[in-house]
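The values are calculated or read from the model by the stated rules, or taken from the named source; none is laboratory data. Note that this is a predicted model, so its numbers are computed, not measured. Glycine gets a Cβ as well: all are built from the backbone with ideal geometry, and neighbour counts include every protein chain shown.
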Amino acid sequence: MKSPDLLVSIDRVLPAPPDVVFSALTDRDLFSRWIGPEGSTVDIEEFELALGGRIAFTVSMPGFDALIRLYGFYEVIDAPDRLVHSWAVEGEDEISTVVFQLEPHEFGTHLTLTHHGLTRPEDVKNNGAGWNACLDRLETLIVS
């Protein structure tokens, strides 16, 4: 059973307006350039930006022989303020939810990422580190 206490919550101020950040979250090419850790490669298999649309991709990480296949379905698309999709790793039973909340900020966009529905403390640790690495890459992407 999932516990509401097991979640990742990250706040960042990104140096671009909300529409630019939202575009990086929802454009297939841009998404593939920031999702995953530094040095990883991403193969996007499905990217249907519509309510109920499926997103599926495979991440190949440096130093690991295994590929990680992730998938989910878009639950909320409210440009440029909010994006919500489910999140699952192929071969695992848990399905969690990722929420991107964007608000205008004097220096660009205040982004709150919440990943909830996690089931184990190690998932919180691993996903927290993973999302922070991804958001570092997202910030680099939007300023370049």
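Selection within the stretch 1-41: residues that are among the aliphatic types (A, V, I, L, M) and at pLDDT below 95. The member of this set that is farthest from Thr114 (Cα to Cα) is Met1.
One residue stands out in the stretch 27-46 among those that are in contact (Cβ under 8 Å) with a residue 40 or more places away in the chain and surrounded by 18 or more Cβ atoms within 10 Å (Cβ to Cβ): the one that is nearest to His105 (Cα to Cα), namely Trp34. Residues of the stretch 76-116 that are modelled with pLDDT of 95 or more, small (Gly, Ala, Ser) and more than 21 Å from Ala50 (Cα to Cα): Gly108 alone. Counting only strands (runs of 3 or more DSSP E) wholly contained in the stretch 65-107, the ones carrying 2 or more residues that are over 20 Å from Ser9 (Cβ atoms) and in contact with a Gly (Cβ under 7 Å, 6 or more places away or on another chain) occupy 67-78. The numbered conditions (1) in contact (Cβ under 8 Å) with a residue 40 or more places away in the chain; (2) part of a loop (DSSP other than H, G, I, E, B); (3) out of contact with any strand residue (DSSP E or B) (no Cβ under 8 Å at 6 or more places or on another chain); (4) not aromatic (Phe, Trp, Tyr) are all true for Ala24 except (2). Only one entry of Leu118, Leu111 meets the criterion of being touching a Leu at 6+ places or on another chain (Cβ under 8 Å), of a type in the set (A, V, I, L, M) and not in a loop (DSSP other than H, G, I, E, B), and that entry is Leu111.
Exactly one residue among Ile44, Ile55 is touching a Gly at 6+ places or on another chain (Cβ under 7 Å), of a type in the set (A, V, I, L, M) and either part of a strand (DSSP E or B) or modelled with pLDDT of 95 or more (or both), and that residue is Ile55.
Taking the options Leu67, Leu49, name whichever one is without any contact (Cβ under 8 Å) to a residue 40 or more places away in the chain and either exposed (fewer than 14 other Cβ atoms within 10 Å of the Cβ) or farther than 16 Å from Val98 by Cβ (or both).
Leu67
Could you tell me whether the stretch 83-98 includes any residue that is surrounded by 16 or more Cβ atoms within 10 Å (Cβ to Cβ) and either in contact with a helix residue (DSSP H, G or I) (Cβ under 6 Å, 6 or more places away or on another chain) or of a type in the set (D, E, K, R) (or both)? Within the stretch 83-98 (the criterion being surrounded by 16 or more Cβ atoms within 10 Å (Cβ to Cβ) and either in contact with a helix residue (DSSP H, G or I) (Cβ under 6 Å, 6 or more places away or on another chain) or of a type in the set (D, E, K, R) (or both)), the answer is yes, since at least one residue qualifies.
Restricting the first member to the stretch 91-119 and to residues that are farther than 16 Å from Asn132 by Cβ, and the second to residues that are among the hydroxyl-bearing types (Ser, Thr, Tyr) and modelled with pLDDT under 95, the beta-carbon pairs closer than 7 Å and six or more apart or on different chains are Glu94/Thr119.
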